[in-house]
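A short write-up of the structure that comes next.
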Amino acid sequence: MSKATAIAAANIAFIKYWGAQDLDRALPLNQSISMTLSECVTRTTVEHLPEEGEHLIQLAGEEGDLIQATPAFAARIAHHLSELARDLGVEGAFRVATINTFPSAAGIASSASGFAALATATTAAVGQEWDASRMSIRARLSGSGSAARSVLGGYVEWPREIKDPESAAHQLAGPEHWELCDLVAVVDAGAKGVSSRDGHRRALSSPYFRQRLNGLPRRLETVRRSIAARDLVALGEAAEAEAIDLHLIAMSSDPPIFYWRPGTLAVLERVRGLRHEGCAVYATMDAGPNVHVICEPEEEDRVAAALGEVHEVIRLIRDRVGPGPRLSEEHLF
Ligand code: DP6
């Protein structure tokens, strides 16, 4: 096979990757735990062209049209393709087309789904076997650590060991273990002002960085146990505290980073209000202003209705735990 198409989903971290020991190789300073989603996905087609040359990187439109990617986007993909080729032991160039099925201007990070799809499709295009650990390492070669988790479905921890170039994510539980919903309350659809990369770099300057790391083994254990026991209260409390810590570190970094918008606080307020009304619902945020609201399916409609009434919410994406990447015969070219 010289052409393959993969579909991979974004993920939401309950324990965040924030701060790196090696940014280029995306080697973190702490373990992270996430849930892979099912609706916010990237579809990517990769064709291996055996002759040497420039990679061709295109973006697919809804109508099947293909346009040239911007130079910055193409450069990031080309860098990952070169790393993948080296790891796969192949030569030549690649033609790539990619599309996000979630609104691209939704303010939802697409690097995890994008690089997981690229690694999966490229591996299949050159006819090599899928192997979970290897795929996680390959996705991480993009420089996006969260991509290392999106190559697996369900509940995922990364890494087993830190300070290890072979660091790879592994699955804690499959998606069938616990059907959790993630309602993404979009309060700002613009690109974030400070990249995660800069955030990782600046994190170490925060006086709270070490403090969070010191408390993390306990929080990690709580999250592992609560996933195993399907205990939403324990998971939600830990995940919400973790998200606040991430933003506390960002805001106290030098120079400081403010990802929150007024809408972020409005959604957090509504989530707390719902809890007072007896609803089991919790919030977490990645490096951006949008809020991922976590609940079980029985509460999904009630939570969606409440979030829909928050004036600052410009879009609500209803997502759920998902199965991880898959290959598809529906190629983009
Ligand atoms: C806050 O370096 O993986 O989302 O490639 O932009 O997704 P992107 O960033 P990456 O850092 C992720 C930071 C985070 C927390 C997390 O997903 O663990």
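Read-outs throughout are calculated quantities, based only on the coordinates presented, and are distinct from any laboratory measurement. Computed from a predicted structure; not experimentally measured. Here the Cβ is made from the backbone with ideal geometry for all residues, glycine too, and neighbour counts use every protein chain on show.
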* Are there chymotrypsin sites (Phe, Trp or Tyr not before Pro) in region 12-45 that DSSP marks as loop and that have at most 14 other Cβ atoms within 10 Å, and which are they? -> none
* Asked: So which GluC sites (Glu not before Pro) in region 50-86 end up in coil per DSSP with only 16 or fewer other C-beta atoms within 10 Å?
  -> 51, 52, 54, 62, 63
* Structure fact -> Non-local residues with an amide H under 5 Å from the amide H of residue 180, with H modelled 1.01 Å from N and Pro and chain starts lacking one, are 321
* **region 1-37 residues near the modelled residue 333 label - backbone nitrogen below 14 Å, point 7 Å along Cα→Cβ** => 3-5
* Structure fact -> Taking a ≥ b ≥ c as the square roots of the eigenvalues of the Cα gyration tensor, with a/c under 1.5 meaning rounded and otherwise prolate when a/b exceeds b/c and oblate if not, region 21-101 is oblate
* Structure fact -> Distribution output for the chain: share of Cα-Cα pairs per 20 Å bin in percent, first bin at 0, values 33, 58, 8, 0
* **Phi to ³J(HN,Hα) by Karplus 6.51 cos²θ - 1.76 cosθ + 1.60 over region 307-318, Hz, x for Gly, Pro** => 5, x, 8, 6, 3, 6, 7, 8, 7, 10, 9, 8
* **Signed unit charges on C-beta, dipole axis of the chain, positive-most listed residue 251, 7, 303** => 251
* Structure fact -> Once phi for every residue in region 231-244 is put through the Karplus expression 6.51 cos²θ - 1.76 cosθ + 1.60 (θ = phi - 60°), the whole-Hz ³J(HN,Hα) values, with Gly and Pro written as x, are 9, 5, 5, 5, 5, x, 5, 5, 5, 5, 4, 5, 5, 4
